[in-house]
Every structure is written in C-alpha cells, then in structure tokens.
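Working notes, structure below.
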Amino acid sequence: MDLDVDQAVVPDPAGGSSSAIEVYSCCRGILFVDGDPALVLHAGKTAWLEVAEGEHRITFEVEGLRRWEANVTVAAGERVYMKPRRRDDF
C-alpha cells in the first residue's frame, strides 16, 4: 500500500521568524529530516520541530506502507504542514 502526503506552507502562527515542519499523522511511523530520524509519529497526533531555513530531504517511514520522500523548502517565518495518509484514506 502507498503513502501520500498532503502539504501546505503557512506563516509561523506565533508571527516569529522560526522555520518548522508540522506533521499530523494517520499512523505510527518515523519522520526523517536530511537522513536523520527526527520524530516518532503517533496516529492522530500532531508534532512539530524547528528546522534551519532552506531545503530539506523529508522521509516518512510507516510500517506496512511504501516509504515517502521529497525535498521541502522552508523559509524563515514559515511552517510546512504535512499530513501523511494511506493512499486509500479520503
């Protein structure tokens, strides 16, 4: 089964200049940033982490699903919101 990831870029809700990745996950898994494990994801929970401004290689690994990878660019004062989901979820 495949994994899809919905993405959106939003301003930092605190109005600051930090850059972050925010994830709401459908299932338990691991988020890697630039090849390093960064977050353990839990089904139905939101997690976020600050990252340096610029381009990052994001990887989601979820047991039983194909791995998902993409390059994501985060600017100062932005959050990249990501929502991994099973391809058959609507």
For this session: Could you calculate the FRET efficiency of V40 with D12 from 1/(1 + (r/R0)^6), where r is the beta carbon distance between them and R0 is 30 Å, rounded to 0.05?
Result: 0.80
Seminar exercise, completed: the chain: antiparallel bridges as % of DSSP beta bridges, rounded to 5, reads 90 percent
For this session: Would you tally the net charge around C27, using a Cβ to Cβ cut-off of less than 9 Å, leaving C27 out, and scoring K and R as +1, D and E as -1?
Result: +2
Seminar exercise, completed: At 25 °C and 0.890 mPa s, the Stokes-Einstein diffusion coefficient in µm²/s for the chain, with hydrodynamic radius from the Kirkwood sum on alpha carbon pairs, is 188 µm²/s
Problem set entry | Unit charges at the beta carbon, dipole of the chain: most positive-side option, V9, A47, G64 | G64
Exercise. Given Cα pairs under 8 Å that are at least 6 residues apart, what percent is the relative contact order of the chain?
Worked result: 44 percent
For this session: Place a +1 charge on the Cβ of each Lys and Arg in the chain and a -1 charge on the Cβ of each Asp and Glu, then give the dipole magnitude about the Cα centre in debye, rounded to the nearest 20.
Result: 320 debye
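Each value in this text was obtained by applying a stated rule to the coordinates, not by laboratory testing. Every value quoted in this text rests on a predicted model; they were computed, and no experiment measured them. Virtual Cβ from ideal backbone geometry, glycine too; neighbours counted across all protein chains shown.
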